Amino acid sequence: MRIRHPLALVLAAAALLTGCGEKAEPRGWEPDDALQRADETLGKDIGEGRVTMRGTGFLAAGLDKALETGGERPYRFDIACDSEESPRVTLVLSREGGAGDRSFDVPCAAGEVTRLNFPAGAPLTAHIEPAPQDDSPPAGVLSWQLLTVDPRSVVGCADVLAGCSG
C-alpha cells in the first residue's frame, strides 16, 4: 500500500503537534501537584474520624498552628509533606501546661502520612521550622488535618505526647 503525499503530510504534522518521536522533557516537581498528592494521602484512612481543622502551606513558611483539642473524644493529627529537596522535616507538638515538647520526624515523600494520636485536653501547638530558601519556587508543601476519633478506633499509640513504648 502506498501512502499518498497529502496523507503523509497530515501524519507528519500530527506527530510534530503531539510530540511523537521526540523525547518528552520531565515535568519535575510541581507545587500544585504536590499539594494535590498530599491532600489525597490525608483523605485515605480517615475511618470514623471527623475533621475539625485543616490546612496547607509551603515548607518555606513552616507551620505554627494552635490546635483546639477540647471535648471528650481523642484526637489524631495527620500530616503529609511532599518535597523534592527535603527528605524529612521535624514536627514539634507541645501542649499548654504539659510536660514539654515532643518531636516527630515527618517524611517528605509522596504518599506518606504521619498520624499521631493524643487525648482531648488543653490546646496544642504544632510547629515546623520554616525551610530557608532563596527566591526560587517553593521546594516543598505541607498538608495537615486534625480529627476527633472514636476511642475504639485509635490505632497504635493512644497518647504520643506522653510517649509510648514499642
Which whole-Hz couplings ³J(HN,Hα) result when phi for each residue of segment 142-158 is put into the Karplus expression 6.51 cos²θ - 1.76 cosθ + 1.60, θ = phi - 60°, listed in order with x for Gly and Pro? 10, 9, 9, 8, 10, 10, 8, 10, 5, x, 6, 9, 5, 10, x, 5, 7
Quote to one decimal, in nm, the extra length available between GLU112 and ALA61 on full extension: 0.36 nm per residue of separation minus the C-alpha distance between them. 16.3 nm
Label segment 58-124 by shape, choosing from rounded, prolate and oblate, from the square roots a ≥ b ≥ c of the eigenvalues of the Cα gyration tensor; if a/c is under 1.5 it is rounded, and otherwise prolate applies when a/b is larger than b/c, oblate when it is not. prolate
Quickly work out the ARG152-to-VAL92 label distance, labels modelled 7 Å from Cα along the C-beta direction, and quote it in nm with one decimal. 3.9
Principal axis dimensions, largest first and in whole angstrom, of segment 30-166 by Cα: 44, 30, 28
Taking a cut-off of 16 Å, what percent of all Cα-Cα pairs in segment 107-149 are separated by more than that? 55
Multiply the residue separation of ALA99 and SER165 by 0.36 nm, subtract the distance between their alpha-carbon atoms, and state the gained length in nm to one decimal. 22.0 nm
Under 5 Å between amide hydrogens, which residues at least 5 positions from ASP64 or on another chain qualify, with H placed 1.01 Å from N in the peptide plane? ILE128
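No lab work stands behind these numbers, since they all come straight from the coordinates. Because the structure is a prediction, the values reported are computed rather than measured. Note that we place each Cβ from the backbone using ideal geometry, even for glycine, and neighbour counts take in every protein chain shown.
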